[in-house]
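K.L.:
Handing you a structure now.
We did not get these values from a lab; they are worked out from the coordinates using the rules stated. None of these values were measured; they are calculated from a predicted model. Here Cβ is always computed from backbone atoms with ideal geometry, including for glycine, and neighbour counts include all displayed protein chains.
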């Protein structure tokens, strides 16, 4: 599922169809029978909402919406060995595909060839991939090995990684894992804030019910610029950083944790997204297997103001497990939720 700035929503289905909806009228605009396989992911070409990429099985297909319901694939890429879980496209025309082998293939869509293979960071299924918009040669991946990795994909190497399954991280995230001992901190989804936002961060949807928000610029900064470790600091990666619990009264806070102690999820978090409406990125939306959607005013956790805490702004009971969600700005501010029912839910915010 992907929402466009034009007010259109494209849904991918298990029967291989792509469906476009007008978010203003809720009407179906177009249906394309893209493939005979379940579609796992869809994304728009950067700067051109008429052009979409879809993944099905280990294959990536592209379509031009202007060709209508009879549209045929314009491009096909078969570089992934195993089933693709998510695809993403960068402003420079690179396409990333994360698959069940743990690898990520980077395709140059301009030259229509394989550009790089990112491997050895994940030892299990790579569930999610995103490009970092303010660093055009950088991508971020998450996997069911509980690892988050940030890559320089031009060189095919990792810049830093976080292992949420390590004993140290599990001990320091005990508030998130309490009552969730059977749910490891698998990473199900990763979202990256937009370029130009107040904070340059990523949000991580974890299987233990917590959402982690990580200051990427701090992690990507040279180690010498961070200065000596402060008392109470911890190593969340090889470089080290602070750990938070959703609140901060220090200007140096570099990570916040949104968990059940703050009214968060009581089961695995399946997806996260930064808000596209109003002040972009001000809110973080998360959906989970506890059949709830949470709207967080997360940035307060990074504020230097005394007693400034991240807040749970809204809690929606959607009755079914959440598969995916996204936000879109139209005449009203929309939150779109896909759950395990056959109905797509659209919530409007005044």
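K.L.:
Segment 3-49 to segment 267-309: how many Å between their Cα centroids?
P.N.:
Using only Cα atoms, the two centres lie 25 Å from each other.
K.L.:
Please label the shape of segment 79-212 as rounded, prolate or oblate, based on the square roots a ≥ b ≥ c of the eigenvalues of the alpha-carbon gyration tensor (a/c under 1.5 means rounded; beyond that, a/b larger than b/c means prolate, else oblate).
P.N.:
prolate
K.L.:
As a check on your grasp of the helix formula, calculate [θ] at 222 nm for the chain: sum -39500 (n - 2.57) over DSSP H runs of n ≥ 4, divide by the residue count, round to the nearest 500.
P.N.:
Calculated mean residue ellipticity at 222 nm is -1000 deg cm²/dmol.
K.L.:
At a 10 Å Cβ-Cβ cut-off, how would you order 343, 313, fewest neighbours first?
P.N.:
343, 313
K.L.:
Go ahead and set up a Gaussian network model of the chain, Cα springs under 10 Å, then flag whichever of 32, 187, 140 fluctuates most.
P.N.:
Result: 32 has the largest fluctuation of those listed.
K.L.:
Bin by bin, in steps of 10 Å, what percent of the Cα pairs in segment 1-60 do you find, going until the bin that has the longest distance?
P.N.:
With a bin width of 10 Å, the distribution comes to 24, 55, 20, 1.
K.L.:
Here's something else I'd like to know. Name the most mobile residue of 142, 156, 264, meaning the one with the largest mean-square fluctuation, in a Gaussian network model of the chain with Cα contacts below 10 Å.
P.N.:
Answer for the Gaussian network model of the chain: 156.
K.L.:
Students often check this: by mean Cβ neighbours within 10 Å, which of 35-45, 66-76 ranks highest, and how do the rest follow?
P.N.:
Highest to lowest by the protection proxy: 35-45, 66-76.
K.L.:
Still on this structure, please answer the following. Can you figure out the FRET efficiency of residue 22 with residue 82, using R₀ = 22 Å and their beta-carbon distance, to the nearest 0.05?
P.N.:
Plugging the Cβ-Cβ distance into 1/(1 + (r/R0)^6) gives 0.05.
K.L.:
Can I ask one more? Could you work out the relative contact order of the chain, using alpha carbon pairs under 8 angstrom and six or more residues apart, expressed as a whole percent?
P.N.:
9
K.L.:
Using only the alpha carbons of the chain, determine the length spanned along each of the three principal axes and report them from longest to shortest in whole angstroms.
P.N.:
Principal extents (largest minus smallest coordinate, Cα): 62, 45, 38 Å.
K.L.:
Stretch residue 114-residue 75 to full length: gain in nm at 0.36 nm per residue minus the Cα-Cα span?
P.N.:
12.7 nm
K.L.:
While we're here: Gain in length, residue 33 to residue 50, computed as 0.36 nm per residue apart minus the alpha-carbon separation, to one decimal in nm?
P.N.:
4.5 nm
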